[in-house]
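I have placed the structure first, in the form of structure tokens, so that the comments after it can refer back to it.
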Amino acid sequence: MTLPLVVGVDGSDGSLLAVDWAVDEAARHDLPLRLVYASRWERYEAGVPSEGTERPSERVLAEHIVASAAERAAQRCADVKVTADILPDDPVYALLRAGDHAHALVTGSRGRSELTGLLLGSVGTAVAAKAHCPVIVVRGDGTGLAGGHERILLGAGEPGTANEAVRFAFREAEARASVLYAVRAWSCPAHQVGNRLPVAEAVRRREEKASALLDALLGEATAAHPKVRVRSVTAEGPAHRILADRSAAADLVVVGARRRPGHVGLRLGRVAHTLLHRAACPVAVVPQTE
């Protein structure tokens, strides 16, 4: 059974961009597309008497939103199979449950209103922090959204905790015929220079270690995807800043996120959190279960 690509819709401009991006993504990977609108309107309208057989106003709005999104998706690519669901539930929980049976989840970066619809703050971040499937938050400029850079950016984490992100990035690069730039950030702690080691030697060792870790992380995926053009990059500085800056020349930036069994609360590191708010292109957060 082919799992669908699930995209959250709420009628906002941000969610419409997410629908466009998701349609293109579904076409690239030959996936069905599932549109999900979620709201707890039943809780708020249950006590409001309706006249005759008139449906609750939120339900009417939901039907209009999903119908418009489905029509938009069909017009963008008629070959993608589209289904839609209206769920009377909290958007975060609804999308998380949908993600248990999804290839990936896609959300926009802004919702319907500044107060309740900051999708990135109230839904996008929470979903990216808790989902057990990849989550893509669609943001950035037109060139990146359209895939005009022909470049996938991978934030290379530690071997053993970022393998899923690596595999995801390689699949994306292959499907798009894009170059994969794998970036490993490094720094030279102050205690390693001075009396213990000359500055140049300490820097050389740290850079060589970063390069070796990058090679170890990419080795298996490189062999599995021989057609993907890979550029390995080591860069000195904080990873969140380096990746945010380089995202301006990418179509997608991919980072991993740890999922520890039994851990509660949000599970996003500084790199992923920064990119979700600052990246100049769509961001894919790919979970890795420890």
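The values are calculated or read from the model by the stated rules, or taken from the named source; none is laboratory data. Owing to the predicted nature of the structure, the values given are computational and were not obtained by experimental measurement. Neighbour counts run over all protein chains shown; Cβ positions are idealised from the backbone, glycine included. For accessibility, only protein heavy atoms count, side chains too; no ligands or nucleic acids. Shrake-Rupley method; radii C 1.70, N 1.55, O 1.52, S 1.80 Å.
Miscellaneous remarks
- Odd one out for Leu61 among (1) of a type outside the set (S, T, N, Q); (2) modelled with pLDDT under 95; (3) under 20 Å from Ser247 (Cα atoms): (3)
- Here Val7 clears all of (1) modelled with pLDDT of 95 or more; (2) over 20 Å from Asp89 (Cβ atoms); (3) open to solvent by less than 50 Å² (accessible area, probe 1.4 Å) except the condition numbered (2).
Yes/no matrix, rows are residues, columns are (1) open to solvent by less than 30 Å² (accessible area, probe 1.4 Å); (2) at pLDDT below 95; (3) assigned to a loop (DSSP other than H, G, I, E, B):
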| position | (1), (2), (3) |
| --- | --- |
| Val23 | yes, no, no |
| Leu35 | yes, no, no |
| Arg55 | no, yes, yes |
| Ala74 | no, no, no |
| Asp79 | no, no, yes |
| Arg97 | no, no, no |
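- With respect to being assigned to a loop (DSSP other than H, G, I, E, B) and either buried (at least 24 other Cβ atoms within 10 Å of the Cβ) or in contact with a helix residue (DSSP H, G or I) (Cβ under 6 Å, 6 or more places away or on another chain) (or both), His132 falls outside the description.
- Qualifying residues in the range 37-50 (those that are in a loop (DSSP other than H, G, I, E, B) and modelled with pLDDT of 55 or more) - the one least open to solvent (accessible area, probe 1.4 Å): Ser39
- Extreme residue, nearest to Gly269 (Cα to Cα), among residues of the range 149-163 that are open to solvent by 50 Å² or more (accessible area, probe 1.4 Å) and modelled with pLDDT of 95 or more: Arg151
- Lys227 being loosely packed, with under 14 Cβ neighbours inside 10 Å and at pLDDT 95 or above: yes
- Residue check for Thr125: within 26 Å of Leu96 (Cα to Cα), open to solvent by less than 20 Å² (accessible area, probe 1.4 Å) and either touching a strand residue (DSSP E or B) at 6+ places or on another chain (Cβ under 9 Å) or assigned to a loop (DSSP other than H, G, I, E, B) (or both): yes
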